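Chemist: Please see the structure below; I have some questions.
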Amino acid sequence: MSAEDYHQLPTFIKEISSQCKEHQERFERYCYFHVCLCCVQCITDKHQKCQDIKPRSVILNQVKSSASVPLFEKDLKNLKRNLDKALKYMKKRISANNTKKTEAVDEIRHMTKLIDDFLNELEQTILDDLESKHSKLKSEMVILVQQMEQRAVQINQLQVEFTKMTQYATDLQMYVGLKEMRKLHQSNKIYRRFKTGRPI
């Protein structure tokens, strides 16, 4: 193997040693029972009872031509294909979820605008109705105040005339005058009750 080819190997492969780490001797045998390579000292220490031990060359000569190599290669391809499918599916789902989120946000904003428009329209309707009723009530109250002020002037005049009548009128004039003033007083009674807060 050239140095260039050697550097193409994965790191964990380059770290595999042909010597036993425990005894610092070259692997010479393979134990089928323990499924491991062994040095001479390993066989003496740990594999004396193992029956199926063969030279390392037997297992190594078969490794590249064994069925396990293409099977493992097939498994890797299947794993890669399945992983690619899973990744494609997940990316598709992420994209679909993003699209649904965007659609949901747009729908929420659309509904929010509809609600805002409805509330604004309702608010304006209520305000317009309030303004209309307030203007009408204000107008009626202004007219009523004007009428009451006119009646107040009339009553003031009536008081002045009543004072003069009591001072200068004859008994007959006083009698007739009181009857006329009572009529005027009754016609102004509604305003007096309104002013004092008593029911009409």
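The values are calculated or read from the model by the stated rules, or taken from the named source; none is laboratory data. What you see is a predicted model; the values in this text were computed from it and never measured. Here the Cβ is made from the backbone with ideal geometry for all residues, glycine too, and neighbour counts use every protein chain on show.
Chemist: Among L87, L60, L37, L76, which is aliphatic (A, V, I, L, M) and in contact with a helix residue (DSSP H, G or I) (Cβ under 7 Å, 6 or more places away or on another chain)?
Modeler: Only one candidate qualifies: L37.
Chemist: Out of (1) surrounded by fewer than 12 Cβ atoms within 10 Å (Cβ to Cβ); (2) modelled with pLDDT of 85 or more, the odd one out for F72 is which?
Modeler: (2) is the only condition that F72 fails.
Chemist: Here's another thing I want to ask about it. Cβ-Cβ distance below 6 Å, separation of 6 or more or different chains: which pairs start in the stretch 38-65 with a residue that is assigned to a helix (DSSP H, G or I) and end on one that is hydroxyl-bearing (S, T, Y)?
Modeler: Correct list of pairs: R56/Y30; I59/Y30.
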